[in-house]
Amino acid sequence: MCTDHEATNPTSSLLRRRGFLRGVGIAGLGVVGVGALGVQPAFAATSQNGWPAAENLAVNRDFNVGGVKFPQGVAPGAPETILGFVARQYVDTVEALITPGCWGFNYRTIGGGTTLSNHASGTALDFNAPKHPQGSRGTFNAPQVSAIRAILNYCEGVVRWGGDYSGTPDEMHFELNKPPGDPAVDALVAKIGGTPPPPPTIKEGSTGEAVKRAQTALNAKGNYGLVVDGVFGAKTKAAVIDFQSKNGLTADGIVGPKTWEKLLA
Ligand SMILES: [Zn+2]
């Protein structure tokens, strides 16, 4: 298991983003699952990349690629979708997996510091550790490096390879490099073919991009002729109620997950 891989290069933008996450810590607590509001700051329970971390994190321990399990698994949702894609591509284009030597979730800090490793949030994988020991460079041949670059390029910055650390290299290690909620994460999940999280619930009085998206979808699905202005007014509500009643949904005029599912289908 790699031990101190992430210590080298949290970028200034990442630090700013983490600062932002701290700023909205109260709102984030429900997501982090830390319990009563204000009892524990959200940043205490996130790994280096901003994902929720916990000793008893709900991880998918059945996670495997071609029958090779990653002990302790990975975080479900976007991390599993993205890291599963990376692992399958790795097997298809870089090399077969060996066991033991592949790892996932592991609640621990980075190299003796206080920052939680991305393994602690189930958002990092190690591949074939005996072949690619931490601290060694050049453990892959040129075609393999090209294949790894192709995987990273496809992921458009959402995944970071330990071989790219400016400090101690960690060529076995791949991790999410964007925090939850980052649009690039959802975009990559959609690109891979997973299911991105539904847009927020909206109703009369709501404004913004989600309302525009709903108005556009309503016009496309039901020819309601709504002005796509991002303002959820009486006409939009009437269109939603009509759409819901025609699609077997509760006709309450509120666009929640089930209505979004039908609208975006
Ligand atoms: Zn690792």
Any chance you could list the semi-axes, whole Å, largest first, of the equivalent ellipsoid that the Cα gyration tensor gives for the stretch 209-263, using √(5λ)? 16, 11, 10
Is the stretch 189-230 best put as rounded, prolate or oblate by its Cα gyration tensor, with a ≥ b ≥ c the root eigenvalues, rounded for a/c under 1.5, and otherwise prolate when a/b is larger than b/c, oblate when not? oblate
Relative to the present Cα-Cα distance, how much length would full extension add between Tyr154 and Asn247 at 0.36 nm per residue of separation? 29.8 nm
14 Å cut-off, amide nitrogen to a point 7 angstrom out along Ala190 Cα→Cβ, residues in the stretch 230-263: 261
Show me the trypsin sites (Lys or Arg not before Pro) within the stretch 165-261 that DSSP assigns to loop and that have at most 16 other Cβ atoms within 10 Å of their Cβ. Lys203
Spherically averaged projected area in nm², based on the convex hull that wraps the Cα atoms of the stretch 147-232: 7.9 nm²
For the stretch 53-172, what is the accessible area per residue in Å², given a 1.4 Å probe and the full set of protein chains? 41 Å²
Given q = 0.13 Å⁻¹, what are the Debye log10 I(q)/I(0) values for the stretch 68-226, with equal point scatterers placed on the Cα positions and solvent ignored? -0.67
So how far apart, in nm, are the two label points at Ala96 and Thr201 if each is 7 Å from Cα heading toward Cβ? 5.0 nm
Two pseudo-spin positions, 7 Å from Cα along C-beta at Lys221 and at Ser146, lie apart in nanometres by 4.6 nm
Which lysines have a Cα lying under 21 Å from the Cα of Lys262, excluding residues fewer than 8 positions away in the same chain? Lys191, Lys203, Lys212, Lys221, Lys235, Lys237, Lys246
If the chain between Arg137 and Ala58 were fully extended at 0.36 nm per residue, the gain over the current Cα-Cα distance would be 25.1 nm
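The values are calculated or read from the model by the stated rules, or taken from the named source; none is laboratory data. This one's a predicted model, so the numbers in the text were calculated from it and none came from an experiment. Virtual Cβ from ideal backbone geometry, glycine too; neighbours counted across all protein chains shown. To get the accessible areas, we keep the full protein, side chains included, count just its heavy atoms, and leave off ligands, DNA and RNA. Shrake-Rupley method; radii C 1.70, N 1.55, O 1.52, S 1.80 Å.
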